[in-house]
1. Restricting attention to region 279-291, and to residues there that are touching a Lys or Arg at 6+ places or on another chain (Cβ under 9 Å) and crowded, with 21+ Cβ neighbours inside 10 Å, which single residue is nearest to Gln176 (Cα to Cα)?
2. Filter region 12-55 down to the residues that are more than 24 Å from Gln191 (Cβ to Cβ) and of a type in the set (Gly, Ala, Ser), then identify the one that is surrounded by the fewest Cβ atoms within 10 Å (Cβ to Cβ).
3. Among the residues of region 220-255, which ones are among the hydroxyl-bearing types (Ser, Thr, Tyr) and either in a loop (DSSP other than H, G, I, E, B) or touching a Lys or Arg at 6+ places or on another chain (Cβ under 6 Å) (or both)?
4. Just one of Ile99, Ile89, Ile39 is out of contact with any Pro (no Cβ under 7 Å at 6 or more places or on another chain) and free of Cβ contacts under 8 Å to residues at least 40 places away in the same chain; which is it?
5. I'd like to know if region 204-216 contains one or more residues that are without any contact (Cβ under 8 Å) to a residue 60 or more places away in the chain, surrounded by fewer than 16 Cβ atoms within 10 Å (Cβ to Cβ) and under 25 Å from the mean Cα position of the chain (by Cα).
6. Only one of these conditions is not met by Met137: (1) assigned to a helix (DSSP H, G or I); (2) touching a residue at least 12 places away in the same chain (Cβ under 8 Å); (3) over 16 Å from the mean Cα position of the chain (by Cα). Which number is it?
7. Out of the residues in region 56-70 that are over 16 Å from Asp34 (Cα atoms) and of a type in the set (A, V, I, L, M, F, W, C), state the one that is surrounded by the most Cβ atoms within 10 Å (Cβ to Cβ).
8. Name the residues in region 46-57 that are out of contact with any helix residue (DSSP H, G or I) (no Cβ under 8 Å at 6 or more places or on another chain) and at pLDDT below 80, would you?
Amino acid sequence: MEQKVMTEKKLEQIKLDILNVMNQMQRVIVGQTDVLTEILAALFCNGHVLLEGVPGLGKTMMIRSLGECLSLSSSRIQFTPDLMPADIIGTNTLVQNEIKNKYEIKFQKGPVFTQILLADEINRATPKTQSALLESMQESAVTVSGKQITMNKPFIVLATQNPLEMEGTYPLPEAQLDRFFFKITVPYPTQEEMHLILERTTGNNSSVISGVMTKDTILEYQDIIRNVPVSSSIEDYVVRLIYSTHKKENDYSKFIRYGASPRGAQSLILGAKFFAVISGRANVSFEDVKRASGPALRHRMILSFEGEAEGISTDEILKMIIANTPESL
């Protein structure tokens, strides 16, 4: 593949186009600027997102509006305990071929064959069904009867989970959590935002989202962002951050049972590249890495029993790690 060159003009164009997508989404989404930015970061870094928040915060609306302004196909799967893998991937069916006048086995594609997949309340399905998404998320392909079927590109899984109702749920296994590029926490709106939400949703006025980007443009920008250079000092800082989640001699280490994986380092670098580009820079800074650290690492650190008993969050531990990790040695 031909490597895309990052010129100053192209950098400005990417920044303006992504901001235009943000503006279109905010015609129907009130606030949530950080959340929308992180969702776009995952999309343009070719990753997947786990959205966590209480019901009614507009998670589904965010995902629907994303598909509309990017002109991408989308589908929704409501995860329930009785959902089967075939309900996601598809199944072989017996169909009649009218030309040959005989029956043939044909694969009927499931809702996973789309570009934006909303996996709603993913933790309500059994582990067997959850794992049906693993290959599509990692390989952008699905294997059926020994034959691999490639997904349409770009392909992004946006999964939601409710942190409150844990009865009847199946916590996502670490292997699947690690396949999410970012885990994004959707905050509760402020009082001012709540007023605006009520004005927009309880009257007759409805906003229309325009398509502002095409599939080819997204794929081009993914390639350009991936080729943003990273200095050796930034790379070294990322490595030290990741290894700091594994150290045993720090004050916060007693709260961590397992540290972040190598995928965490990859997400940090790629996420930092995106944040550099939307800041109008063709080089990654330490602040870009710190900006990406929360969504990239919060789900890749497993708390110890002591951490759970103390009620400490992985976000609080990450703040300690960043504070104790110098930018240069």
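The values are calculated or read from the model by the stated rules, or taken from the named source; none is laboratory data. In this text the structure is predicted, and so the values were computed from the model without any measurement. Ideal geometry is used to build each Cβ from the backbone, glycine not excepted, and the neighbour counts take in all protein chains shown.
1. Asp288
2. Initially, region 12-55 is screened for residues more than 24 Å from Gln191 (Cβ to Cβ), giving 12-21, 24, 39-50.
This time we only want the ones that are of a type in the set (Gly, Ala, Ser), so: 41-42, 47.
Numbers: Ala41: 29, Ala42: 25, Gly47: 23.
The residue in question is Gly47.
3. Passing the criteria: Ser231, Thr245, Tyr252, Ser253.
4. Details: Ile89 fails: free of Cβ contacts under 8 Å to residues at least 40 places away in the same chain; Ile39 fails: free of Cβ contacts under 8 Å to residues at least 40 places away in the same chain.
After ruling out the rest, the residue left standing is Ile99.
5. Filtering region 204-216 down to residues without any contact (Cβ under 8 Å) to a residue 60 or more places away in the chain leaves 204-206, 216.
Now restrict to residues that are surrounded by fewer than 16 Cβ atoms within 10 Å (Cβ to Cβ): 204-206, 216.
Next, from what is left, pick out any that are under 25 Å from the mean Cα position of the chain (by Cα): 216.
So far as region 204-216 goes, yes, one or more of its residues are without any contact (Cβ under 8 Å) to a residue 60 or more places away in the chain, surrounded by fewer than 16 Cβ atoms within 10 Å (Cβ to Cβ) and under 25 Å from the mean Cα position of the chain (by Cα).
6. Looking at each condition in turn, Met137 falls short on (3).
7. Selected residue: Leu70.
8. Looking only at region 46-57, we keep the residues that are out of contact with any helix residue (DSSP H, G or I) (no Cβ under 8 Å at 6 or more places or on another chain), and these are 52, 54-57.
Those that are out of contact with any helix residue (DSSP H, G or I) (no Cβ under 8 Å at 6 or more places or on another chain) and at pLDDT below 80: Val54, Pro55, Gly56, Leu57.
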